[in-house]
Amino acid sequence: MRRLISHPAIGLLFSLALLGSAVSAAPSPAATEGDWVAPQFTFHTGEKLANLKLHYITLGNPKNPAILFLHGTYRPGSDMLSKDFGGELFGPGQPLDASKYYIISTDGIGVGQSSKPSDGLRTRFPAYNYDDMVQAQYRLVTEGLGIKHLRLIIGNSMGGMQTWMWGQTWPQMMDALVPMASQPTEMSSRNWMMRRLLVESIKQDPAWNNGNYSTQPPSLRLANAMFSVATSGGTLAYQAAAPTRAQADKLVDERLSAAQTGDANDFIYQWQSSADFNAAPGLKKIQAPVLVIISADDERNPPETGLMEASMKELKHARLLLIPASNDTRGHGTTSMAKFYSTELAQFMRETEKAK
């Protein structure tokens, strides 16, 4: 027996009320959050887990065309409600107006309030990858929410990589795809090297104790801070924010003193899950129009490699929006700020609406 539990998200309602007041006097649709539980889930390794829980958030009327938002690594689905993203996209008259669409976001396996190692299994939790995460998302959308077709799938970073996977696995299920801060090619180069080093820095900390720690290993805080500075933030933005050693030290001190809310085992699983990602062989299967959005200063997906341009040639209906680097962009983090592409996204939505 599948369980679908929904309830108003009071905190989210407050956020959306503020969002609505900033963009229009019209009231914003209520946000709802809930849990869907799969009685049994089989992972790509053959491992099985009973009662896999997926937490989700929705905006708008379920009778409206559905949009699926896919979040980045270790970020919760509620990221879509930030003022820089949802505040630019979901308000009245904005590109993904929540009064016109039914917007869905789910915490992926291993993230937020969905099933994860820190729930109790620790390193006995099944080793999941992006295939497992996408299959779980599909089951939530189709079995849990009863949706058979999606107007749009839009994903950021990890969610962008999973958007590529959705498009080739269920090519007839969506009208349009917007993968952001991602490329479909095999996980490699600095992107994977930094992820590998992030994981190893925690595993090689004696305090990790093969996942059986009683307090979080000290390496978790340092490794996370180092990874985030190295692979997100933007070169020009960092130069503007920290043009002297004293200012750079201040930023480092702030990161090292920030509250540590993550769990080391969860963190390891989250970053390891990308290891076998490679959506490139299936690009020709994608049928829906694609709008690719990348920042020119993306540290993890540097456009100068030419990999994205080569991938574009494999797609039937696609175009690339390359956001120029500036003091205002944030490297890999740029696409969390929809002001850089809301106009182009609105145009893309109009074009794909006419094509239906």
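The values are calculated or read from the model by the stated rules, or taken from the named source; none is laboratory data. What you see is a predicted model, and the numbers here were worked out from it, not measured in a lab. Because the Cβ atoms are built from the backbone with ideal geometry, glycine has one as well, and the counts that use them run over all protein chains shown. For the accessible areas, the whole protein counts, side chains as well, though only heavy atoms, and no ligand, DNA or RNA atoms are used. Shrake-Rupley method; radii C 1.70, N 1.55, O 1.52, S 1.80 Å.
Please arrange Met165, Met80 by accessible surface area, largest first, computed with a 1.4 Å probe and ligands excluded.
Result of the area sort, largest leading: Met165, Met80.
How large, in percent, is the carbon and sulfur part of the accessible surface of the stretch 191-269 at a probe radius of 1.4 Å?
C and S atoms contribute 58 percent here.
Among the lysines, select those whose C-alpha is under 17 Å from the C-alpha of Lys83, and discard any that sit fewer than 8 residues away in the same chain.
Cross-link targets: Lys339.
Say we join alpha carbon atoms closer than 10 Å with springs in a Gaussian network model of the chain; which of Ala176, Ala50, Ala264 then has the biggest fluctuation?
For the chain, modelled as a Gaussian network with Cα springs under 10 Å, the answer is Ala50.
What does the charge dipole of the chain about its Cα centre add up to, to the nearest 20 debye, if the Cβ of each Lys and Arg holds +1 and the Cβ of each Asp and Glu holds -1?
Here the size comes out at about 640 debye.
For a quick check, take a GNM of the chain with Cα springs below 10 Å and name the residue from Tyr213, Tyr56, Tyr269 with the largest mean-square fluctuation.
Tyr213
How many Å² of accessible area per residue for the chain, probe 1.4 Å?
Per residue, the chain has 45 Å² of solvent-accessible surface.
Have a look at Leu315, Leu68, Leu54 and tell me which one the Gaussian network model of the chain (Cα, springs below 10 Å) gives the largest fluctuation.
Leu315
With only alpha-carbon atoms in the gyration tensor, what are the semi-axes of the equivalent ellipsoid for the stretch 191-269, in Å, largest first?
After scaling each eigenvalue by five and taking roots: 26, 14, 9 Å.
If you bin every alpha carbon distance in the chain into 20 Å steps from zero, what whole percent lands in each bin?
Spelled out bin by bin, the chain gives 29, 61, 9, 0 percent.
Where both residues lie in the chain, what percent of DSSP beta bridges are antiparallel, nearest 5?
If we restrict to bridges inside the chain, about 50 percent are antiparallel.
With a cap of 14 neighbouring Cβ atoms within 10 Å, and only residues DSSP puts in a loop, list the trypsin sites (Lys or Arg not before Pro) found in the stretch 131-182.
When the trypsin sites (Lys or Arg not before Pro) of the stretch 131-182 are filtered for loop state and at most 14 Cβ neighbours within 10 Å, Lys148 remain.
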